Every structure is written in C-alpha cells, then in structure tokens.
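One structure below.
Computed from the coordinates by the stated procedures, all read-outs in this text should not be read as laboratory data. Please read these numbers as outputs of a predicted model, since none were measured by experiment. Here the Cβ positions follow ideal geometry from the backbone for every residue, glycine too, while neighbour counts run over all protein chains shown.
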C-alpha cells in the first residue's frame, strides 16, 4: 500500500498532442521547463500513487509531514506546486496522471419557529428551526423568563416576564477581539457563544529572510454559566482553527463546523485549545480522488455540561449549506474541478467534436500536424487554422452553412453533457451521537443547492432539490431543476429531472412524503411532489404571479409562503412588487390553490423573513403570524401603530401582525413600530418575534417591545442601543455594565 512506485512520466508541453482530458500539473524542475518553446520529456518520481489511486475512499492523515506530501501531490491537480522553488505550471498528458476518480433519522412535518415549551408553567416560543429537536444558533434566546441577546461584543440579559416589570439586569462587554457576535445557544442555565478571532504566528515568506506576523482565523466557543444572572461565569473557552460556519444543538451537545483555508506553503493540522492550552489535534481525513483541496472543514462536538469534546477534520472544498438531523450531519459544497480542466476541455472539444465533422482529407492533415513534434503549440495551431480556412473557402455557401450548423448542434450537446458531469454538489454524511463522530459516506448530485431547506432526511433516505445552470456558446444559459433520492450510502436511487425548464428554485420545503417546491422566472410555479417512493413524481402544479422565498408548514394540507408579488412589463421583463404572504391549499394535491394572500407595500418593502427563516414567526395554537417590515412610508397602508419613522430616511420599520387560519385566510391584526424619529434609522435586520404566555415580544437592533396578543396594546418597551447612559468598567477583567433602566409602564 505504501510502497513507492517509480513511473516515468512524459510531460509533453504541447496541448495539441492528445485528444484526452488534460490536467494542469507542476513539478520542482525549474531548470528543465524554463523554456517551453520546444517539447521536452521529464522523468518524475511518482510516489504520489500511495496517496491518490482513484478509489474515492476516505483516508486518514497520520502526521504533519504526510499532510505536506498530500497537499504537494494534490497541488498537481490545481496546477500549483508549492515547493522550495515556487509555483510552476505545465501541461501534462492524461495518461501521465493518476487515474480518474471512480464515481459511482426521520423528517417531521416541519418544526415551527414558535415551538411551544414550558418552564415552571410558562408557555413560550423559541427559535424557528428546520428539524424538530435540532436547535439552531441565533443572536437572541429566551427561557420563558429571561431574554439573552448578543450584539457586537456585548451580552445583555433582560428579565422579560412579567412584561410589566421587564428590565435589563445585565449588559456586559466581552473582552474579545471580535466585534460582531451573532450565534448563541441556550440550554437551561448554559449559554454557548460563538465568535471569530485570530491566531498569530511568525513565518518567513517564500524567498524572504525576515519573519513576519501571520494571522489565521480561529473560532471561539464560550460556555457561560448564567445561573446567577447578574454574575455570569465563563466555564470553558474552546478555540478551534478556522472560521465559524454553522452549528446545531441536540440534547446537551453543541455541534459546530469551522472552515480553515489551507496555507499550502506552511500547512498545519487544525488544533483545539482550551484557555490557550492545546488539548487535542482532531483526526484529519482526505479523499482519494482528483479534486482541489482548499480547506479543512472541522466538525466539533462539545458537552456543554461536562468536559467531553471530540472533533474530526476533513480536507475538502469550501463547505456550503448544512443539513442536520438528530443522528446525521450533512456537509455540502459545490464540486471544484481541477485547475486547467476547462482549459483542457477546449482541446478535447475540438478534437472529439469539431474535427470528426470536417472533410476526411482535412481530418488527416490536422492529425498529422498535431503529431508533428518539431512544431511548438502556436505553430501547430497556425497551420491548423490556415488549413481549415482554405477548406472553408473552397466550399459553396450552402455546404458551409450546413457544416457550421451541424458543428454548432454537436458542440451544444457536448457542452451540455460535459457541464452536467462536472457541475455537481458534493455531499458528506457524518453520523453524530453525543460525542461520537463517524464519517459515513460521500455522494454527488447534479446542480446546486439553494439553502438548507433544499435537503431533508426521512428514515434511511436523503432527499435534495437542485438547480442546474449550464452555459452554452450558442444557446446561452440553460436551466433545469431536479429532485434526487439517495440511500444511506448517498447513492442516487431515484430522481425527477427537468422540472420547470428555464426556471430556478426559489424555495423548497420537505414535509414527510411530500416536497413543496417553488421555481421562478416569469411566474411562480408551485409544485406538489410525491416522495412516498424512490420514484418522485409531480402530483400537482399551480402558476400564479410572484414567487415565494420561504415555505412554512401550517398543517398537512396547507403551506404558508412569503415572497414577492410581481407583474410583467415591457420587453418580457418582470418587475418585483411588495412583500407577499400566501396560504397554499393542497387538500387536492392534483389541483393546489391559493386560499388567500396579502401584499405589503411596493418594491421598496423589505423583510428579513425573505432570506432568514429565524425572522419568520408563526404560532398555530394562536394562528398568529409576525414578520418584520421596512419600507418607504408612502407605500404602506393600514398602519395601526404610531406612524413613526426616521425623518432623514422616510422609512418605517416594525412588524406586521396577522391573524391567519384556513377558515378566514389572512387578516391584518395590526403593526408594531420599531422606527424612532429621535434616533438613527436601524432598519430591520436581526428582527425576531417570540411570545411568553399572552405577551408578544418583538426585537430589533433598537428595541425589545412587549405587546398584548389580543389588541397589540404596548405593555413595555426597552431600548437596546444608544441609551445615552454611562458604561462602567471594573474588576480584574474588562467588562461593561449599563445601568438598569427603570421599567416602562
């Protein structure tokens, strides 16, 4: 297995010397390839075969030195070689490279954002999540009594219940380099706060002599005991190499992914530290395939009530969307083809598609020219192009047009097929069970994912919805959509392709044995897709103006959508209008209908709920829907709260509250204003809604407001930023406390 294999490799610089796919590769041989005007032969020690044999299997990296060797070998696929003599590029023949890689939990109805919980008899809602029992991080959490908010580098704790006496009891500034904290978990009296920091090293740049500071990303995970609300204590400060990507909490374990870009010149394995002391180096794995390795993606599990921590790192491409069930973590990224693949495919395209369609005599002459080793690249192409031009000049107009049309059609077919084979999403499946992390399988599906809602696990099946975009020289961009069903080893066992050609997926929601899918280009096709077997099929379709960016389950026969209204204008274009809420009735799956809809404002209207599901609030027990809205004042009607706005911007910000059910449809209940004419305009990012008992809480960057559920009467309001009060610093560690405001009655 680990024996070194010496294989002579002929590196022919001319890219016209073969009709096969070519890969960019480079070697530490600068003196031999400094002049590439003439073809040369170089013999290389191909010991790389012990790392890459094309099995596509996962392999463990056992040492720092082995990591360097693997990266040095994989750099052949990217066209870059990072050695003592710098970066060198050259072209190689296909058969001189290692062989090409071989290819070959259950879902709930949907976990509503307003997930009811009880603590000491209090009914309250928590973060909107995709999968039941799988919590997602947010900047605001509550436990039915206290509200915890992280903003910039501060942690605020608010005694929020009862609302009449709500007040800030603590606001501390964390002594950290990050100034933008956004992700936090709450579990009983523990907070887990994530933030990005930096590690500092010294290194000598290539061909330099002076050590210089080098900085790399580090993710901190702080475990904070908040049992004493006025004196929280940091229990653990874990730091993991890489930038924070995403996290989930299941039971008492927090799972999070960090993404660390590889420094090819000074590669090092990721490490985990606790309070600046190294406690472990995660096991690191790579994949035996021809692929560019650009990042370490590290999955870490920590017990927030104990000392257990485990972590594994994977050498792969930059991760994209995640999907997490109660027992599996799915990491995805867009497939990254080796550097030079598309450059080399132009040569293959010419010889495999164009040349065979030319007259036989011309084909023979082109082959002879390309095999003439006395000619360099530019000379070869000059002779070939002259030969082709002479041939065209001898043809009559009709013959030439027929030939060109035949070549264009063949090139279109070739381009579509080659891009279908390469534009894929890679999926990695990792099982999780408390601190246990075990890699399971790797798979691929054509196309790209929209977001986490494009994926779902149902029993032993994993389902994904993708959009494929292909650009062809003569037809432009060609779009199509598909749904794929994968087994436990991520092999495709079912598919439904060519859904809504020339459209793109705008939203998806898996609900048990169904998928609700919205695509858009000119109108909004709403699809009901059956997934009860491994053969997906469309049950029904509805076409209406507009589109939905997010779909949320109401019950098994109704789905709520939020997106935009649209209208067609001149030149076959589409103009986006106001924010649109719709209830889809899918009682008759073959004939879905819009039960009701409601449009807010015009094209100036914005809502975070369009792109962040955590800003969307719906509680079915009360049939109350709340979404944040920011819009030009003149575009809004029926504002039931004070029409306050920031005069410099003429913008209103707040929440639209609706009564929503399947009997009466959508009725506007009222609005809650968060804009303030006395302060700066905040907009409505980080807008959240939750409830505690019979009080509706709405939060924005500027305020936490408390209103009655029934009439939306304001009970209390707390200003969260720019209070004008002093901030005191005290103690051995730097913290900041803002004096507690008096309750607003």
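Length gain on complete extension for the stretch residue 532 to residue 438, per 0.36 nm per residue less the alpha carbon to alpha carbon distance? Don't skip to the answer; put the middle values down first.
On the way: separation 94, 0.36 × 94 = 33.84 nm, distance 2.87 nm.
Extending this stretch completely gives an extra 31.0 nm.
With a ≥ b ≥ c the root eigenvalues of the C-alpha gyration tensor of region 461-539, is it rounded (a/c under 1.5), prolate (a/b larger than b/c) or oblate? Display every interim value, and only then the final one.
Numbers: a/c = 2.63, a/b = 1.48, b/c = 1.78.
The shape class here is oblate.
Run the quick spin-label model on residue 611 and residue 354: label points 7 Å from Cα toward the beta carbon, then report their separation in nm to one decimal.
According to this spin-label approximation, the distance is 4.1 nm.
Quick one, what does Rg over Rh come out to for region 343-396 if you take C-alpha atoms and the Kirkwood Rh?
On the way: Rg = 11.3 Å, Rh = 11.7 Å.
That ratio equals 0.96.
Determine one quarter of the surface area of the Cα convex hull of region 387-444, which equals its mean projected area, and express it in nm² to one decimal. If you can, show how the numbers build up before the last one.
Numbers: hull surface 24.5 nm².
Its Cα hull, projected and averaged over all orientations, spans 6.1 nm².
Multiply the residue separation of residue 714 and residue 362 by 0.36 nm, subtract the distance between their alpha-carbon atoms, and state the gained length in nm to one decimal. Please report the intermediate quantities before stating the final value.
On the way: separation 352, 0.36 × 352 = 126.72 nm, distance 8.39 nm.
So the extension gain works out to 118.3 nm.
Which order do the peptides 603-611, 385-393 come out in when sorted by mean C-beta neighbours inside 10 angstrom, highest first?
On the way: 603-611: 20.3, 385-393: 12.2.
Highest mean packing first, the order is 603-611, 385-393.
Taking the DSSP beta bridges in region 411-466 as the whole, what percent of them are antiparallel, to the nearest 5? Write out the running numbers ahead of the final one.
Details: 14 of 14 bridges.
Around 100 percent of the beta bridges assigned by DSSP in region 411-466 are antiparallel ones.
What FRET efficiency comes out for the pair residue 632/residue 177, r = Cβ-Cβ distance, R0 = 41 Å, nearest 0.05? Please list the in-between numbers first.
Numbers: r = 38 Å, r/R0 = 0.94.
Rounded to the nearest 0.05, the efficiency is 0.60.
Work out the FRET efficiency for residue 243 and residue 495 from their Cβ-Cβ distance, taking R0 = 30 Å, and round it to the nearest 0.05.
Details: r = 34 Å, r/R0 = 1.14.
Here the calculated transfer efficiency is 0.30.
State the three equivalent ellipsoid semi-axes of region 234-371, derived from the C-alpha gyration tensor as the square roots of 5 times its eigenvalues, in descending order and whole Å. List each step's numbers first, then the result.
Working: eigenvalues 472, 54, 17 Å².
In descending order the semi-axes read 49, 16, 9 Å.
With the Cα gyration tensor of region 557-622 giving a ≥ b ≥ c as the square roots of its eigenvalues, does the rule (a/c under 1.5 for rounded; else a/b larger than b/c for prolate; else oblate) give rounded, prolate or oblate?
Working: a/c = 2.63, a/b = 1.27, b/c = 2.07.
Oblate shape, in that a/c is at least 1.5 and b/c is the bigger or equal ratio.
Give me 543, 132 ranked fewest to most by other Cβ atoms within 10 Å of their Cβ, as a rough exposure proxy.
Numbers: 543 10, 132 15.
Placing the least packed residue first, the sequence is 543, 132.
At 7 Å along Cα-to-Cβ for each site, give me the label-to-label distance between residue 371 and residue 396 in nm.
3.5
Report the calculated FRET efficiency for residue 408 and residue 477 (r = Cβ-Cβ distance, R0 = 22 Å), to the nearest 0.05.
Working: r = 17 Å, r/R0 = 0.75.
Efficiency for this residue pair is about 0.85.
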